[in-house]
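Before any comments, here is the structure.
The values are calculated or read from the model by the stated rules, or taken from the named source; none is laboratory data. Note that the structure is a prediction, hence the values are computed from the model and not measured. So basically every Cβ, Gly included, is an ideal-geometry build from the backbone, and we count neighbours across all protein chains shown.
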């Protein structure tokens, strides 16, 4: 069934960042150093947005990844009317979830990071920034590549629960955090990436659709590796 | 071109085949129903160490005797209360659904876990360099806890874990129903769990969200919430597997406030959206709702927001409503499942729960707030609502089939 369409996709990981229009860009050299530790700061944010980074800087790594992945697609939904943004759903799938922040909070409890000890907080951050009020879903799965999310989003669209769905696949686990309590690496993989895909119906997309099947991470990375502008 | 994702959506209602619970009221649905009928609070005051200081905490603790009994029966999971609680609730729910489970093969049984923090106690111990078993350490990760439970209960169909703050339970029930509608399973075990831990106490204590004397939902002088712990399980099934009259999940909806991370929107419009979505799915009008089981945490902002929402959705005819968190506390990832199980019991036994610990109703709350439980002969349709951090809202419609 080809009744659904990908409107846009984004990806960011240690190798670079971008969306399906612009393609993947390598991080500028001066910013690469922090990336090996999974640290995204205000300078990374400034590559995507001219807006004040103060909110971004309050977030944990998981939220920063989701927030940036959504920002890379924002042109697709920031011009929608408020009524249509009530029908834009947001869902996230992850394996590690908020564990990186959980460990930090367990080591040093601070009220400012407690709200980030939930994997669904990234949905709240994105909804606040882009004023999205549609249905929400937050899944934790044994796969780190968003194996279930496209199926869930497809059901929402076919059942009429949403007009468009922003699907996020995020993994955020700093090596140093995981090692600080000796979590076994085979059960708790280290590393980080963020991927976002805007799924909808063909009639709602402002531009050419791209065909793809598969898992969220793979779909997003592939679409960003072969951008439309490069074709 | 489009994306090819195979789903076959069947919009039929999903039936509830069995429920189970372990919480501050005890082990099983029966002590829970007795506490609700008596409008009795099971909250207790204990002196606990949070961080480096000891302080009194009023919360819904699972009794030590019950924990001891569960540990004795399952030594392999002795240091994973999350596993022990969920197993106990699942066993009861499975027993109650035994008549249909005998006919459903393992590959048609799915599993959905609802939790905010899974076996977070193991993380607390690791950070303090205390011994933790390999099993308990593995179950820090919610996906592994879900997989271990699914295996223990012979669920070889789809396995999912929902972690969406305090709407996790309702979202998990919605997911379970969706998996059956999509033809991926005939039966889904939905179980919610969370435990009171250093981690969770530290967080809510730091946010100053806890009422030092215990929560008083919808009370004029309410100061905050009381945490609770435990597990609750609900077996969902294809409607055709149960005889009439069944209790159905006929609609569900979620939304986001897009307003604030740790506080609800002041006008209740986000929760109203979730309710409207659930009612639309159930194809019923607001006037058909006989009772609303509120989130009712006892925090000043939450309860005020819910009151506004109920007025916005129901106008001058707000149905009877109440909060049960004065009985067992706010059980976080368990809440949606536990409170739905309570609503199922209400539909089966024709009673409406009260709002224990309430002294003086907040004038903002609609007059239909139930202080005491009561019998209700014409109880057919219940609306269950929950809200959570991140601005999330969820609503679920339960209906008793007419014979």
Inset, instruction - Determine which single condition residue A:72 fails, assuming it passes every other condition in (1) in contact (Cβ under 8 Å) with a residue 60 or more places away in the chain; (2) within 10 Å of chain B (Cβ to nearest Cβ). - result: (2)
Inset, instruction - Identify the single condition in (1) over 25 Å from residue B:188 (Cα atoms); (2) surrounded by fewer than 23 Cβ atoms within 10 Å (Cβ to Cβ); (3) within 14 Å of chain A (Cβ to nearest Cβ) that residue B:279 does not satisfy, given that it satisfies every other one. - result: (1)
Inset, instruction - Exactly one condition in (1) surrounded by fewer than 24 Cβ atoms within 10 Å (Cβ to Cβ); (2) more than 14 Å from every other protein chain (Cβ to nearest Cβ); (3) in contact with a helix residue (DSSP H, G or I) (Cβ under 8 Å, 6 or more places away or on another chain) is not met by residue B:319; state its number. - result: (3)
Legend entry - Which numbered condition residue B:151 fails, given (1) away from chain A (no Cβ under 13 Å); (2) assigned to a helix (DSSP H, G or I); (3) under 17 Å from residue B:86 (Cα atoms): (1)
Legend entry - Residue check for residue A:183: in contact with a helix residue (DSSP H, G or I) (Cβ under 9 Å, 6 or more places away or on another chain) and either modelled with pLDDT of 90 or more or over 17 Å from residue A:157 (Cβ atoms) (or both): yes
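With the structure loaded, tell me whether residue A:203 is modelled with pLDDT of 90 or more and surrounded by fewer than 19 Cβ atoms within 10 Å (Cβ to Cβ) or whether it fails that test.
no
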Inset, instruction - Could you check, for segment B:237-252, whether at least one of its residues is surrounded by 24 or more Cβ atoms within 10 Å (Cβ to Cβ), under 15 Å from the mean Cα position of the chain (by Cα) and closer than 15 Å to residue B:397 by Cα? - result: yes
Inset, instruction - Starting from segment B:109-121, keep only residues that are on the phi > 0 side of the Ramachandran plot and within 11 Å of chain A (Cβ to nearest Cβ), then list their pairs with residues that are buried (at least 24 other Cβ atoms within 10 Å of the Cβ) and assigned to a strand (DSSP E or B) whose Cβ atoms are within a distance under 8 Å, requiring at least 6 positions of separation or different chains. - result: B:118/B:193
Legend entry - Counted residues, segment B:180-202 - those being surrounded by fewer than 24 Cβ atoms within 10 Å (Cβ to Cβ) and within 12 Å of chain A (Cβ to nearest Cβ): 10
Inset, instruction - Please work out which one of (1) modelled with pLDDT under 95; (2) in contact with a helix residue (DSSP H, G or I) (Cβ under 7 Å, 6 or more places away or on another chain) is the condition residue B:170 fails and give its number. - result: (1)
Legend entry - Qualifying residue in segment B:56-72 (condition: closer than 28 Å to residue B:325 by Cα, surrounded by fewer than 16 Cβ atoms within 10 Å (Cβ to Cβ) and over 25 Å from the mean Cα position of the chain (by Cα)): yes
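Here is a yes/no grid of residues against (1) touching a strand residue (DSSP E or B) at 6+ places or on another chain (Cβ under 8 Å); (2) closer than 20 Å to residue B:338 by Cα; (3) surrounded by fewer than 22 Cβ atoms within 10 Å (Cβ to Cβ); (4) touching a residue at least 12 places away in the same chain (Cβ under 8 Å):
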site: B:139; (1), (2), (3), (4): no, no, no, yes
site: B:145; (1), (2), (3), (4): yes, yes, no, yes
site: B:150; (1), (2), (3), (4): yes, yes, no, yes
site: B:154; (1), (2), (3), (4): yes, no, yes, yes
site: B:158; (1), (2), (3), (4): yes, no, yes, yes
site: B:163; (1), (2), (3), (4): yes, yes, no, yes
site: B:169; (1), (2), (3), (4): yes, yes, no, yes
Legend entry - Elements of type strands (runs of 3 or more DSSP E) in segment A:1-41, at least 1 residues being closer than 16 Å to residue A:65 by Cα and within 14 Å of chain B (Cβ to nearest Cβ): A:5-13
Inset, instruction - Considering (1) more than 7 Å from every other protein chain (Cβ to nearest Cβ); (2) closer than 16 Å to residue B:114 by Cα, say which one residue A:89 fails and leave the rest. - result: (2)
Legend entry - Selection within segment A:120-166 - on the phi > 0 side of the Ramachandran plot, at pLDDT below 95 and surrounded by fewer than 24 Cβ atoms within 10 Å (Cβ to Cβ): A:160
Inset, instruction - Would you check if there is a residue in segment B:264-275 being away from chain A (no Cβ under 14 Å), over 17 Å from the mean Cα position of the chain (by Cα), outside any helix (DSSP H, G or I) and at pLDDT below 95? - result: yes
Inset, instruction - Test residue B:196 against the criterion of being in contact with a strand residue (DSSP E or B) (Cβ under 8 Å, 6 or more places away or on another chain), assigned by TED's automatic domain parsing to the domain that holds residue B:28 and part of a loop (DSSP other than H, G, I, E, B), and give yes or no. - result: yes
Inset, instruction - Determine which single condition residue A:109 fails, assuming it passes every other condition in (1) facing chain B (nearest Cβ under 7 Å); (2) over 19 Å from residue A:175 (Cα atoms); (3) under 15 Å from the mean Cα position of the chain (by Cα). - result: (3)
